[in-house]
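**Q** The structure that follows is given in the form of structure tokens.
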Amino acid sequence: KKSLGNSINKLKSDSLASIDWTGTNYEWSEKVENVLNNIFKIIAFRPKQLSVINSTLSNQHTIVVMPTGAGKSLCYQLPALIKPGLTIVVSPLISLMEDQVRSLNKKNVSAKYISSSSSKDETSAALNVLKDKATDVKLLYVTPERFAKSKRFMSNLQKCHADGRLQRIAIDEVHCCSQWGHDFRPDYKYLGILSNMFPNVPILGLTATATAHVLTDVQKILNIPGCLVIKSTFNRPNLFYKILEKPTSQDECITILEKLLKYRYRDETGIIYTNSIKDTEDITQGLRKRGLKVECYHANLDSEARSKVHLKWHDKHYQAIVATVAFGMGIDKADVRFVIHYTISKSMENYYQESGRAGRDGLRAECVTLYRMQDIFKVSTMVFSSVGSLDHLYGMIKYCLNGTYCRRQLIAEHFDEDWGNTDCNKMCDVCCQPENNLKEINLELHCKTISSIIENAEKQDTKLTAQKLIDAWFLKGPVPLRHKGKEPNFSRNIGEDVIAYLITNNFIIEDFHFTAYSTISYLKRGVNMDVVSDPNFSLKMPIRKYSSFELETPAPTELVGIVNSETVERKHLKKRKSEGLKTSKSKLT
Ligand code: ADP
Ligand code: MG
Ligand code: ZN
């Protein structure tokens, strides 16, 4: 029964998706264009914006999936001004609401918000908007907990609906509904009642999270299964992706950051992500000692301190914020020129979101990740207890180990998209390699050696960290742990890649142990190690090789030969414009 329901929902959403929503002959089309040009002062829609606007103005429940910076807000801000009545915008963060209301007011659009930090009078005024038929307010922003915790809000909202004034409910960051998303917020669960409570009011959910699993979950929670899902491509052609070898000592790492900030990103602003509060502090100190203007940002700062850091960075007082992922949602700076990952993200999804904060103005920006094997365990020991988290992390490691495929291609695969081979334009380190003479190493014998080292250590009741395992493999460290064969004929760096490769492919598994102060990851044989004695067993690992990356020369600013594959909607608009021009001319004559 359940699967029948699922397939009906799929049919429903497929048939909705097969409709061309880019038309310009709707009753509202002319007004939409006017408002776009004259109120938002925007010349043309970006991909999919017009489709979303048409579908929600047609009263379809719609979920919009667009990458960060693509312009989701316009998809509800503009429709709000087309018909009489009020649009409710659900937003998870007070700072996001404040920013949007401020910028709408600047455009002479009347908007208000209700938040826990509003005064009593402000809250009352905002609540009255729901009842006041004469109000000029077009958008009312609220946080999700309003729906659960404020009876007055709910009864006013019902009044608004009864008066026929509840035009639309927009839910920003709608992935927060789902526990499968990267940002679950329990209060979003209450939004499930809205579609039943206000059946004729279209819901418009917006997110940058594209995972199919999360999207179906969101539809289920909001009670709008089979709704129209409009997804734009996740390709960000202006972002350059790069992996840098991370040195072992923190001091050397800081030197790399120093060079990048002083030369490559001179006079530009950006973000440096780490995975611990201590790292943000250490790196900030280190970079300051070397004369750089940076500041740290993490969850232990109170909200006032956080806004202050954010604002000063926004105004270019700081060149970089050294932050944990607490610095995320609500960053609205368009000219972030670099996002450096000092430590790898915990998944590709997270990496895409974090790196995606660069280059929202469409100009060239760089996303650089410092990677070395040891950082796998820095992250795995933090995340291992939640379901699926190790697989997510290993997806990220595969991206770091990759030296063969275009990085865009890997990201596209992650989002079940195909961006085509020509779309990169040499905007990733792999595509910049001078020629592609792929070198591989055969791992069959190495696997046997590594397996025997692990078994041998187990017999001696010794637990092996990755470092100890590699020591033994390279005939270093305690003699009883070493093997009888020869040491590998490649560098230790490649050895580290081999171990990481074996971990991500289930030949080796991590085994976590707690001490009083930390969690340690020891390595054990994984299920796939059982096949290494099979005579047909074969395993090859491509060796990474990188184009040079000049730390000490300024990053290029030019974007060469980028073509936008989704220009359809712009074309529509242009056509309409020229038609409009003709009619006005003919009227004149
Ligand atoms: P998102 O919510 O998808 O991350 P925003 O709605 O915050 O993105 O928009 C990012 C930026 O893009 C904003 O500065 C917005 O004004 C701008 N923008 C949106 N649509 C367009 C457009 N069609 N043309 C030019 N700029 C746009
Ligand atoms: Mg947004
Ligand atoms: Zn590429």
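Read-outs throughout are calculated quantities, based only on the coordinates presented, and are distinct from any laboratory measurement. Just so it is clear, the structure is predicted and the values come from calculations on it, not from any experiment. All Cβ positions, glycine included, derive from the backbone under ideal geometry; neighbour counts span all protein chains shown.
**Q** Among 415, 452, 402, which residue has its Cα furthest toward the positive end of the charge dipole of region 399-452, with +1 on Lys/Arg Cβ and -1 on Asp/Glu Cβ?
**A** Comparing the listed Cα positions along the dipole, 452 ranks first.
**Q** Dipole size in debye (nearest 20) for the chain around its Cα centre, Lys and Arg Cβ +1, Asp and Glu Cβ -1?
**A** Here the size comes out at about 1600 debye.
**Q** Here's another thing I want to ask about it. When Lys and Arg each count +1 and Asp and Glu each count -1, what net charge do the other residues less than 12 Å away from residue 132, Cβ to Cβ, add up to?
**A** Neighbourhood net charge equals +3.
**Q** Just how many % of Cα pairs in region 149-251 lie over 15 Å apart, if you round to the nearest whole percent?
**A** The calculated P(r) of region 149-251 puts 70 percent of pairs beyond 15 Å.
**Q** OK, next. What translational diffusion coefficient, in µm²/s and rounded to a whole number, does the Stokes-Einstein relation yield for region 202-274 at 37 °C and a viscosity of 0.692 mPa s, taking the hydrodynamic radius as the Kirkwood radius over Cα pairs?
**A** Result for D is 197 µm²/s.
**Q** Additional query: So what is the relative contact order of region 444-529, in percent, for Cα pairs below 8 Å that sit 6 or more residues apart?
**A** RCO, region 444-529: 27 percent.
**Q** Scan around residue 336 for amide H atoms under 5 Å from its own, H built in the peptide plane at 1.01 Å from N, and keep only partners 5 or more places away or cross-chain.
**A** 359, 360, 361
**Q** Another question, if that's okay. Grab the DSSP H runs of the chain that are 4 residues or longer, score each as -39,500 (n - 2.57), total them, divide by all residues and round the 222 nm result to the nearest 500 deg cm²/dmol.
**A** Here the helix-only value at 222 nm equals -11500 deg cm²/dmol.
**Q** For residue 72, go through the aspartates and glutamates and keep the ones whose alpha-carbon is under 14 Å away, minus same-chain ones fewer than eight residues off.
**A** The qualifying aspartates and glutamates are 172, 173, 332.
**Q** Taking the 0 to 90 degree range and rounding to the nearest ten, how far is the long axis of helix 303-314 tilted relative to the main principal axis of the chain, both from C-alpha atoms?
**A** 90
**Q** Still on this structure, please answer the following. What area, in nm² and to one decimal, does the C-alpha convex hull of the chain cast on average over all directions?
**A** Result: a mean projected hull area of 32.8 nm².
**Q** Based on Cα coordinates alone, diagonalise the gyration tensor for region 326-477, multiply each eigenvalue by 5, take square roots, and list the semi-axes in whole Å, largest first.
**A** They are 34, 21, 13 Å, listed from largest to smallest.
**Q** Further question on the same structure: Kirkwood hydrodynamic radius for region 344-386: how many Å is it when counted over pairs of different Cα atoms? Walk me through the numbers on the way to the answer.
**A** Details: mean 1/r = 0.0838 Å⁻¹.
Every distinct Cα pair counted, the radius reaches 11.9 Å.
**Q** Straight distance only, please: which aspartates and glutamates reach the Cα of residue 468 with their own Cα at less than 18 Å, same-chain residues fewer than 8 apart left out?
**A** Cross-link targets: 375, 455, 458, 487, 496, 497, 510, 511.
**Q** What whole number of Å gives the distance from the Cα centroid of region 330-356 to the Cα centroid of region 125-160?
**A** Using only Cα atoms, the two centres lie 35 Å from each other.
**Q** Which pairs break 18 Å Cα to Cα here: 246/439; 242/426; 259/378; 83/149; 262/289; 246/316?
**A** Working: 246/439 22 Å; 242/426 11 Å; 259/378 25 Å; 83/149 30 Å; 262/289 13 Å; 246/316 27 Å.
Distance filter (> 18 Å) returns 246/439; 259/378; 83/149; 246/316.
**Q** In addition: Give me the angle, in degrees from 0 to 90, between the Cα long axis of helix 250-259 and the longest principal axis of the Cα atoms of the chain, rounded to the nearest 10.
**A** 50
**Q** Additional query: Just the C-alpha atoms of region 32-165: what Rg/Rh do they give, with Rh taken as the Kirkwood radius?
**A** Ratio of gyration radius to Kirkwood radius for region 32-165: 0.95.
**Q** Once you keep just the Cα pairs under 8 angstrom separated by 6 or more residues, what percentage relative contact order results for the chain?
**A** 14
**Q** Follow-up. Determine the sum of side-chain charges near residue 295: Lys and Arg each +1, Asp and Glu each -1, restricted to other residues whose C-beta is under 13 angstrom from that of residue 295.
**A** Neighbourhood net charge equals +4.
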